[in-house]
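The values are calculated or read from the model by the stated rules, or taken from the named source; none is laboratory data. Keep in mind that what you see is a predicted model, and the values were worked out from it rather than measured. Cβ atoms come from the backbone with ideal geometry, glycine included; neighbour counts cover every protein chain shown.
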Amino acid sequence: MATYREAKCRLCRREGGKLFLKGDKCYNGKCPFEKRPMAPGQHGLGRKKVSEYGQQLREKQKVKRIYGVQEGQFRAYYEKADRMKGITGENMLSLLERRLDNVVYRMGVGVSRAQARQLVSHGHFLVNGKKVNVPSFIVRVGDVVTVKENKTSNKYFEALKSTKGGNTPKWLEFDTEKLQGKILATPEREDIDSQIAEHMIVELYSK
């Protein structure tokens, strides 16, 4: 999947549900999906029967867009998950959740995954004391993610210190005062709030 540069809200409309790609805008009345919850284009209102393959493909596209990964990356996550013990679909989602950009987003540092990805790429974070600027870096249980000390005086991070923190999932903890988070456990399926039918993706790739 090439880098998408058009309006991200069109992606939500295309997938028929909110993907929460724009941060706060997705939670207020300004969300375009609230006003036009149909697929974009002149045929958006038309009803078209979707085949089983089509449903599986749309589910895959939806998850790729939620986590902001390209086709090759996504396929690699699936293949790695397939080699792991346990349920392939759940393993795949666990890997996606443990991407550093997603962890930064889940800690409440980024209002969206896109913003979190940009913060990571710009080298604002340390993992276990070492600089990591690769958004796809997979964290492990016990890893400590910290904002670099020379970045904490940045206005954005200064404002973050005064907040109480967001709804951090139970597999993570984040101290807004220290701007430091820790991976407490491997995310389980019930910890992932996205409405994803991962079994359909597994069926698609298994063909």
**Request:** Considering only residues that are part of a loop (DSSP other than H, G, I, E, B) and over 21 Å from the mean Cα position of the chain (by Cα), look in segment 150-179 and name the one that is surrounded by the most Cβ atoms within 10 Å (Cβ to Cβ).
**Result:** THR152
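Regarding VAL134, is this residue among the hydrophobic types (A, V, I, L, M, F, W, C), over 19 Å from TYR67 (Cα atoms) and touching a residue at least 24 places away in the same chain (Cβ under 8 Å)?
Values: among the hydrophobic types (A, V, I, L, M, F, W, C): yes; over 19 Å from TYR67 (Cα atoms): no; touching a residue at least 24 places away in the same chain (Cβ under 8 Å): yes.
Criteria not met by VAL134.
Sort out which residues of segment 180-194 are out of contact with any helix residue (DSSP H, G or I) (no Cβ under 9 Å at 6 or more places or on another chain) and part of a loop (DSSP other than H, G, I, E, B), and write them in order of number.
Within segment 180-194, LEU184, ASP193 meet the criteria.
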**Request:** State all residues of segment 108-149 that are crowded, with 16+ Cβ neighbours inside 10 Å, outside any loop (DSSP other than H, G, I, E, B) and of a type in the set (D, E, K, R); if no residue qualifies, say none.
**Result:** ARG113, ARG117
**Filtered residue count, segment 62-95, keeping only those that are over 12 Å from ARG189 (Cβ atoms), aliphatic (A, V, I, L, M) and touching a helix residue (DSSP H, G or I) at 6+ places or on another chain (Cβ under 9 Å)** = 6
**Request:** Please work out which one of (1) in contact with a strand residue (DSSP E or B) (Cβ under 7 Å, 6 or more places away or on another chain); (2) at pLDDT 90 or above is the condition GLY165 fails and give its number.
**Result:** (2)
**Prompt:** Taking segment 70-104, which residues are within 25 Å of GLY181 (Cβ to Cβ), touching a residue at least 24 places away in the same chain (Cβ under 8 Å) and among the charged types (D, E, K, R)?
**Reply:** GLU90, GLU97, ARG98, ARG99, ASP101
**Message:** What's the number of the only condition in (1) over 22 Å from LYS62 (Cβ atoms); (2) assigned by TED's automatic domain parsing to the domain that holds TYR53 that MET92 fails to meet?
**Reply:** (1)
